[in-house]
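For reference, the structure discussed in these notes is given below.
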Amino acid sequence: MATEANKAIVRRLVAEVFNGGRLEVIDELYAPALAPAAKRWITPFRASFPDVHMEIVELIAEGDKVVGRFTCSATHLGAWLGHAPTGRRFERVDEVSIFRFRDGRITHAWSLEDTLGRLRQLGLTSQHG
């Protein structure tokens, strides 16, 4: 069934690319038109947080879409958003992504993540703003 195959692609994205650091797999998972954009944000994120670990909390699939809810933990070991590495960790930051698929590849991705929570855990912003 296509929905299960699409969920398997998201599982590979998390396990192999985010958690495993195998950036070359992006070309297998994303449509050719979207793969360069995916590499432009995943590559520097992994450089900033090389021990990143994403956990899949929930995957819901319908038609050509998969919605994923994730938590993300990592140590800040490289520059990120203009901030020098702190060596601090963030734990279980919430993220939600909606992926659209065609022919077994991701053709569109939209994500929402708790960047403020991540910044706070890293000590890069105050607790109040």
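The values are calculated or read from the model by the stated rules, or taken from the named source; none is laboratory data. In this text, all values refer to a predicted model and were calculated from it rather than measured experimentally. As a convention, Cβ positions derive from the backbone with ideal geometry for all residues, glycine included, and neighbour counts pool all protein chains shown. Heads up: the accessible areas ignore ligands, DNA and RNA and are worked out on the full protein's heavy atoms, side chains in. Shrake-Rupley method; radii C 1.70, N 1.55, O 1.52, S 1.80 Å.
Report whether or not E4 is out of contact with any helix residue (DSSP H, G or I) (no Cβ under 9 Å at 6 or more places or on another chain) and either part of a helix (DSSP H, G or I) or modelled with pLDDT under 95 (or both).
Details: out of contact with any helix residue (DSSP H, G or I) (no Cβ under 9 Å at 6 or more places or on another chain): yes; either part of a helix (DSSP H, G or I) or modelled with pLDDT under 95 (or both): yes.
Yes; evaluated as a whole, the condition is true for this residue.
Just to check your reading of the model, which residue among F45, F70 is of a type outside the set (D, E, K, R) and within 30 Å of M1 (Cα to Cα)? Show your work before the answer.
Details: F45 fails: within 30 Å of M1 (Cα to Cα).
When all the criteria are applied, what remains is F70.
Has region 3-10 got at least one residue that is aliphatic (A, V, I, L, M), open to solvent by less than 40 Å² (accessible area, probe 1.4 Å) and in contact with a Gly (Cβ under 6 Å, 6 or more places away or on another chain)? Step through it out loud before you land on a result.
Within region 3-10, the subset aliphatic (A, V, I, L, M) is 5, 8-10.
Now narrow it down to the ones that are open to solvent by less than 40 Å² (accessible area, probe 1.4 Å): 9-10.
Of the ones still in play, those that are also in contact with a Gly (Cβ under 6 Å, 6 or more places away or on another chain) are 10.
The answer is yes; a qualifying residue exists.
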